[in-house]
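Chemist: Let me give you the structure first, and then I'll get to my questions.
The values are calculated or read from the model by the stated rules, or taken from the named source; none is laboratory data. The model shown is predicted, which means the values in this text are computed figures rather than measured ones. Using ideal geometry, Cβ is built from the backbone for each residue, glycine included, and neighbour counts are taken over all protein chains shown. Just so you know, the surface numbers come from the protein's heavy atoms only, side chains and all, with ligands and any DNA or RNA stripped out. Shrake-Rupley method; radii C 1.70, N 1.55, O 1.52, S 1.80 Å.
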Amino acid sequence: MVATDTATERGPAGTVPTPSTSLGHLALHFRPGERDLATRFFELLGARVQEFPNQFSDEPLYVIAMDRDTPARADNIVYLFALKPAQLELETVIAQQLGLGTDAPHPALTAFLDQRARWPESYLHFGLHYSRLEDLEAAVTGLRGEMAADPDFGSRIQGLQILKARGEDGDQDIDERMAASEVFSGTEEYAYGRHGVQVHIRTDLFSTGLSLFGSVVELDFVFTGPGRERNAFNSPVS
């Protein structure tokens with residue numbers, strides 16, 4: 001990605017872009033028999049999880065409202081359901097060919113996994129934005145607590161990358177808030193861009209594509225106010 005100081009809005013040819021759409025939903029799948037672990041992850045992040053019968057599977061379909069206070073919306077939701085047998089069979093073949101989980105994995109697989117561990121943001125991921133930093137901190141604290149209390153759950157979280165916020169020069173409020181945070185005071189690494197925090201979670205509890213590679217989930221919060229207009233979502237420069 002090449003960062004620039006200016007952004008150009010794009011829309012269909014001959015039209016003026018208008019804010020007529022929102023991000024509707026994301027479809028994720030879990031491995032059969034692991035629905036409780038997968039749904040628990042989203043509950044710990046503060047989402048509302050609703051269970052429905054699934055006509056295509058013996059396992060339920062879950063509708064996860066990321067804004068738990070308005071669960072009936074048609075956007076800002078996640079569909080969560082079990083992997084289909086055809087994909088499980090395909091992934092078994094891929095894993096065998098790559099030597100996944102063996103003492104002699106394919107070099108390309110090793111390089112990919114090492115790079116993703118160092119830079120999870122570069123891997124296909126989805127981000128969840130929190131309007132309150134306290135809620136994001138509670139989600140991370142709850143996730144860590146569950147990892148410690150339940151080894152089965154904890155073993156499915158492969159990494160937590162905590163990145164604190166950096167304000168413009170002279171913005172002491174952000175520095176003081178980071179220093180006082182139980183979540184962010186322990187890291188010296190900064191988030192990409194200004195005025196925001198990032199937490200990258202690597203897990204194989206669910207996935208958007210091949211489940212054998214797992215997923216990356218990013219938790220975000222952006223400080224706002226005078227002098228904080230620039231952030232990674234509207235002016236992606238460090």
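Chemist: Would you mind classifying region 74-141 by shape? Square roots of the alpha carbon gyration tensor eigenvalues, ordered a ≥ b ≥ c; an a/c under 1.5 is rounded, otherwise it is prolate if a/b is larger than b/c and oblate if not.
Modeler: Oblate, because a/c is 1.5 or more while a/b does not exceed b/c.
Chemist: Now a separate question. Using unit Cβ charges (K, R positive; D, E negative) and no other charged atoms, how large, in debye to the nearest 20, is the dipole of region 80-193 about its Cα centre?
Modeler: 520
Chemist: I've got another one for you. Taking the Cα centre of the chain as the origin and placing charges on Cβ (Lys, Arg +1; Asp, Glu -1), which of Ile174, Leu44, His106 is farthest toward the positive end of the dipole?
Modeler: Result: His106, furthest along the dipole toward the positive end.
Chemist: Let me ask something additional. Just need the relative contact order of region 132-206 here, percent rounded to a whole number, with Cα pairs under 8 Å and 6+ apart.
Modeler: 37
Chemist: Which percent of the accessible area of region 85-238 is formed by carbon and sulfur heavy atoms (probe 1.4 angstrom)? Walk me through the numbers before you get to the answer.
Modeler: Values: 4230 of 8030 Å².
Using a 1.4 Å probe with all protein chains present, region 85-238 comes out at 53 percent carbon and sulfur.
Chemist: Show me, for region 50-65, the HN-Hα J-couplings you get by feeding each phi into the Karplus relation (A = 6.51, B = -1.76, C = 1.60, θ = phi - 60°), rounded to Hz, glycine and proline as x.
Modeler: 10, 9, 9, x, 10, 5, 9, 7, 6, 9, x, 9, 10, 10, 10, 8
Chemist: Placing +1 at every Lys and Arg Cβ and -1 at every Asp and Glu Cβ, with all other atoms neutral, what dipole size does region 152-238 have around its Cα centre, in debye to the nearest 20?
Modeler: 260
Chemist: Suppose all protein chains stay in the model; what accessible area per residue would a 1.4 Å probe give for region 49-146, in Å²?
Modeler: The answer is 62 Å² per residue.
Chemist: Projected onto the charge dipole of the chain (+1 at Lys/Arg Cβ, -1 at Asp/Glu Cβ, origin at the Cα centre), which of Ala165, Phe126, Thr224 gives the Cα projection farthest towards the positive end?
Modeler: Of the options given, the answer is Phe126.
Chemist: Any chance you could give the angle, 0 to 90 degrees and rounded to 10, that helix 133-149 forms with the longest Cα principal axis of the chain?
Modeler: Compared with the principal axis, the helix lies near 30 degrees.
Chemist: Follow-up. Can you tell me the dipole magnitude for the chain around its Cα centre, using point charges on the Cβ only (Lys, Arg +1; Asp, Glu -1), in Debye to the nearest 20? Provide the component values of the computation, followed by the final result.
Modeler: Numbers: 20 positive and 35 negative charges, 99 e Å.
In total the dipole reaches around 480 debye.
Chemist: Take the alpha carbon atoms of region 16-155, find their radius of gyration, then divide it by 2.2 N^0.38 Å using N residues; give the quotient.
Modeler: Compactness ratio reported: 1.24.
Chemist: Can you order the peptides 96-104, 116-124, 191-199 by their average number of other Cβ atoms within 10 Å per residue, highest first?
Modeler: Peptide ranking by packing, descending: 191-199, 116-124, 96-104.
Chemist: Related question: Grab the DSSP H runs of the chain that are 4 residues or longer, score each as -39,500 (n - 2.57), total them, divide by all residues and round the 222 nm result to the nearest 500 deg cm²/dmol. Don't skip to the answer; put the middle values down first.
Modeler: Numbers: 6 runs with 66 residues, N = 238.
Here the helix-only value at 222 nm equals -8500 deg cm²/dmol.
Chemist: If you average the sequence gap of Cα pairs under 8 Å that are 6 or more apart and divide by the length of the chain, what percent do you get for the contact order?
Modeler: This gives 21 percent for the chain.
Chemist: Okay, moving on. Of all DSSP beta bridges located in the chain, what percent are antiparallel, nearest 5?
Modeler: In the chain, approximately 65 percent of DSSP beta bridges are antiparallel ones.
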